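Just below is one structure, and these are the notes that go with it.
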Amino acid sequence: MQTTPLNQIPANARGTYALILSLPATHRIRIGRLGTFEFGAGDYLYVGSALGPGGLRARLRHHLRPASNPRWHLDYLRPFAIPEAIGYVIHPERLECTWAFILRTLPGISIPVPGFGASDCNCSSHLFFSHHFPGLAILFEQQRVQGSVTGLLKI
């Protein structure tokens, strides 16, 4: 079996994740039906959940490689962005909207594309931009959940 950082996540574990991506240069990118947007160079953080079959490992494996047939908004951004780190919480509750709210309130963080990754909820976005994120620990500290397991993977 090939050893990758994702193998540290138990098979079929379900939960919520935060993926930090670096965009080395400015790009104009079409994001499916949302439209075409200019993404400036810098760091992006995407929050999502993986509560279905395959769980976190399968969803993150999908996000770590450019998709040949884009399905999610992130699939359109991925060919231009370099994955840097993943934070995750193994827990059956969907926490991505709570994390999106926390991120939205932090200084120095902006929403580059309204509605990105949030087509199934009322969040303003699940994608955030910053020249330097404060770290994923703030999401874990703000969202301590009884019986949850957290992890941080460097890609």
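The values are calculated or read from the model by the stated rules, or taken from the named source; none is laboratory data. Here the structure is a predicted model, which is why all the values come from computation and not from measurement. Methodologically, a virtual Cβ is constructed for each residue, glycine included, from the backbone with ideal geometry; neighbour enumeration extends over all protein chains shown.
Please verify whether the range 21-28 includes one or more residues that are in contact with a strand residue (DSSP E or B) (Cβ under 7 Å, 6 or more places away or on another chain) and part of a helix (DSSP H, G or I). There is no residue in the range 21-28 that is in contact with a strand residue (DSSP E or B) (Cβ under 7 Å, 6 or more places away or on another chain) and part of a helix (DSSP H, G or I). Restricting F101, F140, F80 to those that are farther than 18 Å from R57 by Cβ, in contact with a strand residue (DSSP E or B) (Cβ under 8 Å, 6 or more places away or on another chain) and at pLDDT 90 or above reduces the list to F80.
Whether a residue is surrounded by 13 or more Cβ atoms within 10 Å (Cβ to Cβ) and of a type outside the set (V, I, T) was assessed, and G15 passes this test. The single condition among (1) surrounded by 17 or more Cβ atoms within 10 Å (Cβ to Cβ); (2) within 13 Å of A81 (Cα to Cα) that L64 does not meet is (1).
Scanning the range 73-101 for residues that are among the hydrophobic types (A, V, I, L, M, F, W, C) and part of a strand (DSSP E or B) yields I82, A85, I86, V89, I90. When S110, S124 are checked against the criterion of being in contact with a Phe, Trp or Tyr (Cβ under 6 Å, 6 or more places away or on another chain) and without any contact (Cβ under 8 Å) to a residue 40 or more places away in the chain, S110 stands alone in meeting it. Might you check whether a residue that is closer than 23 Å to G108 by Cα, in a strand (DSSP E or B) and either modelled with pLDDT of 90 or more or within 17 Å of the chain's Cα centre (by Cα) (or both) occurs anywhere in the range 48-59? Among the residues of the range 48-59, at least one is closer than 23 Å to G108 by Cα, in a strand (DSSP E or B) and either modelled with pLDDT of 90 or more or within 17 Å of the chain's Cα centre (by Cα) (or both), which makes the answer yes. It is to be established whether one or more residues within the range 83-91 are surrounded by 15 or more Cβ atoms within 10 Å (Cβ to Cβ), farther than 15 Å from L152 by Cα and among the charged types (D, E, K, R). No, that holds for no residue.
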